[in-house]
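J.: Below is one structure. I have some questions about it.
The values are calculated or read from the model by the stated rules, or taken from the named source; none is laboratory data. From a predicted model like this one, the values you see are computed outputs, not experimental measurements. Don't worry about glycine lacking a Cβ; one is built from the backbone with ideal geometry, like all the others, and counts go over all protein chains shown. Each accessible area value is taken on the protein alone, full model and side chains, heavy atoms only, with ligands, DNA and RNA left out. Shrake-Rupley method; radii C 1.70, N 1.55, O 1.52, S 1.80 Å.
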Amino acid sequence: MLKFHHSNNILIIGGGIAGLSLALKLADHHPVTLLTKRGLLESNTLYAQGGIAAVLDPNDSIEEHVQDTLIAGDGLCNEAAVRFTATHGRQAIEELIELSVPFTACQADDEQDCDLFPFHLTREGGHSHRRIIHAADHTGQSVQLSLALKIRQHANILLLEHHTAVDLIKRENRCVGVYALNQATDEISTLASPAVVLATGGAGKVYLYTSNPDLATGDGIAMAWRAGCRVANMEFMQFHPTVLYHANERAFLISEAVRGEGGYLKRPDGSRFMHEYDERLELAPRDIVARAIDAEMKKLGCDHMWLDISHRDADFVTSHFPTIYKRCLGLGIDITKEPIPIVPATHYTCGGVVTDLRARTDLKGLYAVGEVAYTGLHGANRLASNSLLEGLVFANAAYEDILMRQAEGKLIAPPTLPDWDESQVNPSPEQVLIAHDWDEIRRVMWDFVGIVRTEERLKRALKRILVIREEIEDFYAQYYLNTDFIELRNLALVAELIVRSALSRKESRGLHYIIDYPHQLSEAEPTILTPKVLSSG
Ligand SMILES: Cc1cc2nc3c(=O)[nH]c(=O)nc-3n(C[C@H](O)[C@H](O)[C@H](O)COP(=O)(O)OP(=O)(O)OC[C@H]3O[C@@H](n4cnc5c(N)ncnc54)[C@H](O)[C@@H]3O)c2cc1C
């Protein structure tokens, strides 16, 4: 086993759409080490259903995509990042098509002319145009499988699966590598590198109910913060309005495309309610739909609402939503005949590690791409299907910057680094201690930092989280690490960053709705948190 790996490889931490697409491009020019916390196929990307937004239909325009994104972001997007993303969308999709991602073919109808673009484009909430390219309702899986296949075949990529990055290594204010736990041997390796890329995804697991897989514990955000990078807009956690509600089923997302293709939200008595909240009805932006469902649930004392697509032709439903159809049918719900029980759940982390348009963070040699990053694209609310696009576009930006540095001779070889010091520590803490803190954080976040917030609840949450964090940091100095413990430490820190960001925003905007400050301030400013210690490491 690789205990100390001193290399010239570019190090990419994370194998979702951002990490994989970057690794494939870079590896044609430079050796790459790719680290994934679980197997190569497990990521948030794998679960993405709806698709990827990009201006592909000649009747659509970059300007309309920009405007839709700005509207969803509720005044808080960085317009330069929005234009950059929208402008580079088509190229990003063309590259996926070249990699043989099996997107669904165009089916000519009133709204799409297949002579103009050969793949089907669906519509989602907040988009003024059909703009979402997809592979039926399993887009993420198709992308992940296509990219992973190529990654395994690439001779210039060293793939380290089941390796958990613990912390970044800094020398003279430059990131020079990472400590990583090999889950098979429980040993911690020192991986040195001339450039490190965080592609670790979001932090949905910080809440009790989430559409995200278990790996979404905000590791990259926490590592970057500890290394001295700024983190922005963490109060804007997006709740997906429609996650399947079922006692025996792990959270399963009912794609926004179901509403895009005509699905109705209903109360238990079968009546629709979105007209009481927004004139865009079921296609209003996600924050509005999630709050409407939350309000109806609270008003009626129900634990879920209903989403009904059964009025559409059964063949249409089964061909457009085969995964959702099969999964629900397996639980005894035939979506071609009856409505689906749904609840809102945490879905997407709009904030993250501050980057520029080249995906560079505050720390030299460190990049962040995909959901871990705050590029300014999403503002106060992510427009549906813009996140896979952001992952692709900013992975490409990092790729170009790294190649430019290479060409200019600025990829500095890392120094010799010391081994991880485990001489003073004891066996890992009892699992029950980890499980308890983990549950408490997620419950506190759900109850006190949820869809509708108050200052008192936020303050209460902060108090609890600080106590837990102190306990965890005590453990950290005393015990051997395992992945659960590393994730708990990161989750607790990210929870604190979310609460601190929420407390500092004295207004309601986008996804952040706080009863004490129901109105918007006239000036929209991102919440940027700066770590206190910016030591040279
Ligand atoms: C159910 C669901 C449906 C979605 N649908 C859509 C959609 O239709 N359209 C859209 O645009 N977006 C969608 N999203 C959002 C989108 O999928 C994500 O934003 C995107 O996939 C994130 O990609 P990523 O590459 O940044 O990270 P991820 O895909 O989350 O990958 C993270 C990677 O980092 C690794 N990692 C994490 N921590 C560590 C560590 N400490 N050490 C080593 N490796 C680590 C993980 O193992 C994994 O390989 C959806 C999300 C979910 C959960």
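J.: Go through region 419-537 and tell me which helices (runs of 4 or more DSSP H), entirely inside it, have 3 or more residues that are among the aromatic types (Phe, Trp, Tyr) and closer than 26 Å to Glu371 by Cβ.
T.: On the way: elements: 431-448, 455-478, 483-504.
Where helices (runs of 4 or more DSSP H) fall fully within region 419-537 and carry at least 3 residues being among the aromatic types (Phe, Trp, Tyr) and closer than 26 Å to Glu371 by Cβ, they are 431-448.
J.: Under 6 Å by Cβ, and 6 or more places apart or on different chains, what pairs join a residue from region 216-243 that is farther than 18 Å from Ser387 by Cβ and part of a loop (DSSP other than H, G, I, E, B) with one that is acidic (Asp, Glu) and open to solvent by 10 Å² or more (accessible area, probe 1.4 Å)?
T.: Cys229/Asp362; Arg230/Asp362
J.: Same structure, new question: How many of the residues making up region 104-127 are more than 21 Å from Leu265 (Cβ to Cβ), in contact (Cβ under 8 Å) with a residue 60 or more places away in the chain and not aliphatic (A, V, I, L, M)?
T.: So the first thing to find is which residues in region 104-127 are more than 21 Å from Leu265 (Cβ to Cβ), and the list is 104-121.
From the residues that got through so far, the ones that are in contact (Cβ under 8 Å) with a residue 60 or more places away in the chain too are 117, 119, 121.
Those still in the list that are not aliphatic (A, V, I, L, M) too: 117, 119.
Total satisfying the criteria: 2.
J.: Name the residues in region 457-467 that are free of Cβ contacts under 8 Å to residues at least 24 places away in the same chain and either open to solvent by less than 90 Å² (accessible area, probe 1.4 Å) or not basic (Lys, Arg) (or both), would you?
T.: As a first pass, look at region 457-467 and keep what is free of Cβ contacts under 8 Å to residues at least 24 places away in the same chain: 457, 460, 463, 467.
Arg457, Val467 - these are the residues of region 457-467 that are free of Cβ contacts under 8 Å to residues at least 24 places away in the same chain and either open to solvent by less than 90 Å² (accessible area, probe 1.4 Å) or not basic (Lys, Arg) (or both).
J.: Check every one of the strands (runs of 3 or more DSSP E) wholly within region 122-191 and list those with 3 or more residues that are open to solvent by less than 10 Å² (accessible area, probe 1.4 Å). Spell out the reasoning first.
T.: Values: elements: 157-160, 163-171, 174-182.
Once the strands (runs of 3 or more DSSP E) in region 122-191 are filtered for at least 3 residues that are open to solvent by less than 10 Å² (accessible area, probe 1.4 Å), what remains is 163-171, 174-182.
Results for (1) surrounded by 20 or more Cβ atoms within 10 Å (Cβ to Cβ); (2) farther than 28 Å from His378 by Cα, shown as yes or no for each residue.
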| residue | (1), (2) |
| --- | --- |
| Leu265 | yes, no |
| Phe273 | no, no |
| Tyr277 | no, no |
| Ala290 | yes, no |
| Ala295 | no, no |
| Leu300 | no, yes |
| His311 | no, yes |
| Lys326 | no, yes |
| Leu329 | no, yes |
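J.: Is region 403-421 home to any residue that is within 16 Å of the ligand (Cβ to nearest atom) and among the aliphatic types (A, V, I, L, M)?
T.: Looking only at region 403-421, we keep the residues that are within 16 Å of the ligand (Cβ to nearest atom), and these are 420.
Then keep just the ones that are among the aliphatic types (A, V, I, L, M); that gives none.
No, because not a single residue in region 403-421 is within 16 Å of the ligand (Cβ to nearest atom) and among the aliphatic types (A, V, I, L, M).
Conditions tested, residue by residue: (1) at pLDDT below 95; (2) out of contact with any Asp or Glu (no Cβ under 7 Å at 6 or more places or on another chain).
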| site | (1), (2) |
| --- | --- |
| Arg460 | no, yes |
| Ile465 | no, no |
| Phe475 | yes, yes |
| Gln478 | yes, yes |
| Leu481 | yes, yes |
| Leu493 | no, yes |
| Glu496 | no, yes |
| Val499 | no, yes |
| Pro518 | no, yes |
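J.: Looking at Asp269, Asp214, Asp315, can you tell me which residue is within 11 Å of the ligand (Cβ to nearest atom) and either in contact with a Pro (Cβ under 6 Å, 6 or more places away or on another chain) or of a type in the set (D, E, K, R) (or both)? Lay out the reasoning, then the answer.
T.: Working: Asp269 fails: within 11 Å of the ligand (Cβ to nearest atom); Asp315 fails: within 11 Å of the ligand (Cβ to nearest atom).
Checking each option against the conditions leaves just Asp214.
J.: Identify, from the list Val82, Val55, Val32, the residue that is among the β-branched types (Val, Ile, Thr), open to solvent by 10 Å² or more (accessible area, probe 1.4 Å) and either at pLDDT 95 or above or within 11 Å of the ligand (Cβ to nearest atom) (or both). Walk me through how you get there before you give the answer.
T.: On the way: Val82 fails: open to solvent by 10 Å² or more (accessible area, probe 1.4 Å); Val32 fails: open to solvent by 10 Å² or more (accessible area, probe 1.4 Å).
After applying the criteria, what remains is Val55.
J.: Within region 237-261, track down each residue that is farther than 15 Å from Tyr47 by Cβ and out of contact with any Phe, Trp or Tyr (no Cβ under 9 Å at 6 or more places or on another chain). Before the answer, list the steps.
T.: Applying the first criterion (farther than 15 Å from Tyr47 by Cβ) to region 237-261 yields 237, 239, 241, 245-248, 258-261.
Correct list: Pro241, Tyr245, Ala247, Asn248, Arg259, Gly260.
J.: Being polar (S, T, N, Q), within 13 Å of the ligand (Cβ to nearest atom) and either modelled with pLDDT under 95 or closer than 18 Å to Ile254 by Cα (or both): is that true of Thr323 here?
T.: Working: polar (S, T, N, Q): yes; within 13 Å of the ligand (Cβ to nearest atom): yes; either modelled with pLDDT under 95 or closer than 18 Å to Ile254 by Cα (or both): yes.
Yes.
J.: In addition: Mind checking whether some residue in region 87-108 is surrounded by 16 or more Cβ atoms within 10 Å (Cβ to Cβ) and charged (D, E, K, R)?
T.: No, there is no match, as no residue in region 87-108 is surrounded by 16 or more Cβ atoms within 10 Å (Cβ to Cβ) and charged (D, E, K, R).
J.: Hey, can you tell me all the residues within region 268-287 that are more than 23 Å from Ser385 (Cα to Cα) and of a type in the set (Lys, Arg)?
T.: Hit for region 268-287 is Arg272, nothing else.
J.: Let me ask you something else. Restricting the first residue to region 143-169 and requiring it to be at pLDDT 95 or above, which pairs with a second residue that is among the polar types (S, T, N, Q) and in a helix (DSSP H, G or I) meet a Cβ separation below 7 Å and a spacing of at least six or different chains?
T.: Val143/Thr45; Gln144/Thr45; Leu147/Ser21; Thr164/Thr483
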